[in-house]
Amino acid sequence: MRYDLNLLPVFLALIEERSVTRAAERLGITQPALSNALTRLRAMLLDPLFVRERYGMQPTPKALELAPVIASALSSLDSVVLGQQAFEPAKAQQRITLAPNSYVEFVLVPAIVARLRERAPGISLRLTPYGADLAETGVVSGTTALALGRFVDPPDNLVVQHLMDDGLSCIVRADHPQIDRKITRKQYERLKHVNVLPPGRLRAGLFQVLERQGLQREVAVSVTHFLAIPEVVAVTDYCATLPNLICRRLAHDARLKILPTPADLGTFPVEMAWHVRYRHDPAHVWLRALIGELAQQLSGPLGTAGTRTR
């Protein structure tokens with residue numbers, strides 16, 4: 001059987017977009033042209049591949065099985081071809097998928113978008129959820145360029161680079177009846193708290209730090225994103241323990257006041273991870289350098305950042 005390699009980018013666009021309209025826009029072709037290509041794909045691979053459902057095109061089991069293989073093949077071809085070319089950010093025209101956790105999305109992604117607009121306006125970003133299962137982000141298969149957050153026991157095919165460290169502070173409402181310019185251990189333990197639930201095993205992180213310090217905390221409300229916390233704290237007598245860079249963003253909010261934690265809670269790392277096959281891809285190398293530069297600017301001197309491959 002002869003395979004039409006021109007159809008493989010169509011397959012990959014549909015896997016990532018789950019929409020004929022968005023896939024066609026991404027590839028710069030018309031919807032009828034993409035539908036025609038999908039018909040040929042189905043005939044070539046002897047499978048429906050994508051089934052139209054209420055919320056978009058859902059891949060079949062065979063399509064999900066083929067996705068990492070096709071992504072790897074196209075990436076390998078790109079590495080050979082693009083590796084011989086100099087990357088010119090100002091002329092680049094492509095869409096890049098990132099999987100940031102909620103912290104990175106709040107703190108770092110706006111700076112990434114602004115810098116791309118300045119240096120590489122033809123590059124657009126698509127964000128995909130950073131869930132409990134790292135494989136669901138697409139970074140393990142290579143369909144997602146970068147995942148950004150914190151990685152515990154990453155799989156062997158990922159490279160992980162340290163970006164920066166951040167510490168923790170407390171926030172309460174500005175006119176809190178019990179808290180003035182600092183918060184004591186007794187006050188911290190007596191207050192009710194608002195907590196963010198990061199994905200997967202990381203949800204235990206702050207609880208473990210508090211346990212090591214012998215601090216108790218009664219969680220009254222658990223939310224899924226940092227954006228919800230200042231709104232809850234501003235209208236209650238609750239307290240929240242948040243990363244310093246998020247507190248810095250909230251410093252202008254007259255409804256809130258930021259205080260040191262009642263004990264040294266240490267720092268936590270922020271990292272980015274990518275599939276090993278992107279190690280030498282020129283566009284990827286450039287983007288990683290840009291993100292690393294922005295992280296250093298946000299956090300100040302970080303010491304020596306390193307990479308690790310499982």
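The values are calculated or read from the model by the stated rules, or taken from the named source; none is laboratory data. Just so you know, these numbers come straight off a predicted model, no measurement behind them. Methodologically, a virtual Cβ is constructed for each residue, glycine included, from the backbone with ideal geometry; neighbour enumeration extends over all protein chains shown.
Kindly indicate the residue of segment 155-184 that is among the polar types (S, T, N, Q) and outside any strand (DSSP E or B) and also farthest from Val285 (Cα to Cα) among those meeting that condition.
The extreme case among them is Gln178.
Would you point out the residue of segment 240-249, among those that are touching a strand residue (DSSP E or B) at 6+ places or on another chain (Cβ under 8 Å) and not in a strand (DSSP E or B), that is surrounded by the fewest Cβ atoms within 10 Å (Cβ to Cβ)?
Going through the qualifying residues, I end up with Asn244.
Any chance segment 67-78 includes a residue that's closer than 16 Å to Leu7 by Cβ and free of Cβ contacts under 8 Å to residues at least 12 places away in the same chain?
Scanning segment 67-78, I find at least one residue that is closer than 16 Å to Leu7 by Cβ and free of Cβ contacts under 8 Å to residues at least 12 places away in the same chain, so the answer is yes.
Out of contact with any Lys or Arg (no Cβ under 7 Å at 6 or more places or on another chain), of a type in the set (A, V, I, L, M, F, W, C) and in a loop (DSSP other than H, G, I, E, B): is that true of Val152 in this structure?
When the stated conditions are applied, Val152 does not pass them.
Just checking, how many residues over segment 254-272 are surrounded by 19 or more Cβ atoms within 10 Å (Cβ to Cβ) and touching a Pro at 6+ places or on another chain (Cβ under 8 Å)?
Counting residues in segment 254-272 that are surrounded by 19 or more Cβ atoms within 10 Å (Cβ to Cβ) and touching a Pro at 6+ places or on another chain (Cβ under 8 Å) gives 1.
Mind checking which helices (runs of 4 or more DSSP H) fall wholly inside segment 45-149 and carry at least 1 residues that are within 19 Å of Ser19 (Cβ to Cβ) and modelled with pLDDT of 90 or more?
Where helices (runs of 4 or more DSSP H) fall fully within segment 45-149 and carry at least 1 residues being within 19 Å of Ser19 (Cβ to Cβ) and modelled with pLDDT of 90 or more, they are 61-82.
Could you go through segment 230-239 and let me know if any residue there is buried (at least 20 other Cβ atoms within 10 Å of the Cβ), touching a residue at least 60 places away in the same chain (Cβ under 8 Å) and assigned to a helix (DSSP H, G or I).
yes
Among the listed residues Gly214, Gly200, which satisfies the condition of being more than 29 Å from Ala147 (Cα to Cα) and at pLDDT below 90?
Gly214
Of the numbered conditions (1) within 22 Å of Val140 (Cα to Cα); (2) buried (at least 20 other Cβ atoms within 10 Å of the Cβ); (3) modelled with pLDDT of 90 or more, Leu38 satisfies every one except a single condition; which is it?
(1)
On the given criteria, is Val196 over 19 Å from the mean Cα position of the chain (by Cα) and under 30 Å from Ala295 (Cα atoms)?
no
Of the conditions (1) more than 30 Å from His176 (Cα to Cα); (2) at pLDDT below 90; (3) crowded, with 17+ Cβ neighbours inside 10 Å, Leu302 clears all except one; give me its number.
Checking Leu302 against (1) more than 30 Å from His176 (Cα to Cα); (2) at pLDDT below 90; (3) crowded, with 17+ Cβ neighbours inside 10 Å, the one that fails is (3).
Could you list, in sequence order, the residues of segment 250-282 that are within 22 Å of His162 (Cβ to Cβ), out of contact with any Ser or Thr (no Cβ under 6 Å at 6 or more places or on another chain) and in a helix (DSSP H, G or I)?
Val276, Tyr278
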